[in-house]
Amino acid sequence: MTGSTDQGSGGPIPGEGVPDEGDVVTYEVRGRVAVVTMNRPAYRNAQNSVMTYALDAAFTRAVEDPDVGAIVLAGNGDHFSAGHDIGTVGRDHHVSYENKAVVWWDHVDRPGGDQRFAREMEVYLGMCRRWRELPKPMIAMVQGACIAGGLMLSWVCDLIVASEDAFFADPVVRMGIPGVEYFAHPWVLGTRAAKEILFTGDRFSAQRAYEWGMVSRVVPRAELETTTIDLAERIATMPQFGLALTKKAVNQCEDLMGIRSGMDSVFGLHHFAHAHNAEIGLGPLGGMDATAMKRGAAAGMKKAGEN
């Protein structure tokens, strides 16, 4: 059974002028596995709010379907996700949404840091925390770029299967900001690796991510889909309630290891950095845009190659 997600009442409030890009997320059920696919390949699956709420609708659909035992999160095209949308024509940071993940006022028409805090708490931190708690196992199927906000999406999944050509990065420190909003780095990478990838902003390979324990399996690109779906099918044969309780048990232990309180504290530092950038006249992103971030990443990779 295949079909597109229905954004329903969680989508943009009518009249806000959001560009119509068609189905930015698609939904398909294969056996007992729901495959949720980001579908903005022309923008390397950069995540705007339309995509965020379409993902939420798809995940909810999968959770509510008793015949679905596991969920696979994928990205259409050459790349899993290049992160949050900070520069495409479909960027919709000014749009109101319903069915929120966080109980807070709407960001639209709020000034300064009030607006940014409300929006990022909702569409970035809040949504990721919500998805981490889904009661069904989730596997990220990663190829190509998995950068910044893409990392966040892969990290909310329980397992990550990556192709050999996949690469990962959190270059947000180039903006003068201490990492992405869903700050899971020390827990999924360990403290030394977390500091290295943040301090340098450099890409790291799927193999290195595997060695650090972040990635579950690394396979040739041609085998990525088959391997991921087969693994999801195996997991889906387990008792559904048992899987839900097991996932909750591991997540609770991770919470006791400080991941939730750590994220709360770093989210505050994240927004202090936004405010500092704005106060010194660089804008909240430290004078960086998508083009400047690409230049910085390329320069960093060149320097790493020289060393």
Please list, ordered by chain and number, the residues whose modelled amide H lies under 5 Å from the amide H of residue 167; skip anything fewer than 5 residues away on the same chain. 144, 145, 146
Here the percent of antiparallel bridges among DSSP beta bridges lying wholly in the range 2-306, to the nearest 5, is 35
Provide, as a two-decimal number, the C-alpha radius of gyration of the chain over 2.2 N^0.38 Å, N being how many residues it has. 0.96
If you count, for each residue, the other Cβ atoms within 10 Å and average over each peptide, how do 222-232, 32-42 line up from highest to lowest? 32-42, 222-232
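Residue 108 to residue 276: FRET efficiency via 1/(1 + (r/R0)^6), r the Cβ-Cβ distance, R0 22 Å, to the nearest 0.05?
0.35
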For the chain, compute the number of Lys pairs whose alpha carbons are separated by less than 29 Å, excluding pairs fewer than 8 positions apart on the same chain. 12
In whole Hz, what ³J(HN,Hα) sequence does the range 29-43 give by Karplus (6.51, -1.76, 1.60; θ = phi - 60°), x for Gly and Pro? 10, 10, x, 9, 10, 8, 9, 9, 10, 5, 9, 10, x, 5, 10
Using mean Cβ contacts within 10 Å as the protection proxy, how do 67-74, 261-268 order, highest first? 67-74, 261-268
Taking 8 Å as the Cα distance limit and 6 or more residues as the minimum spacing, I'd like the relative contact order of the range 2-306 as a percentage. 17
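Values in this text are rule-based calculations from the coordinates and carry no lab data. Just so we're clear, the structure is a prediction, and the values are computed from it rather than from any experiment. Glycine also receives a Cβ, built like all others from the backbone with ideal geometry; neighbour counts cover every protein chain displayed.
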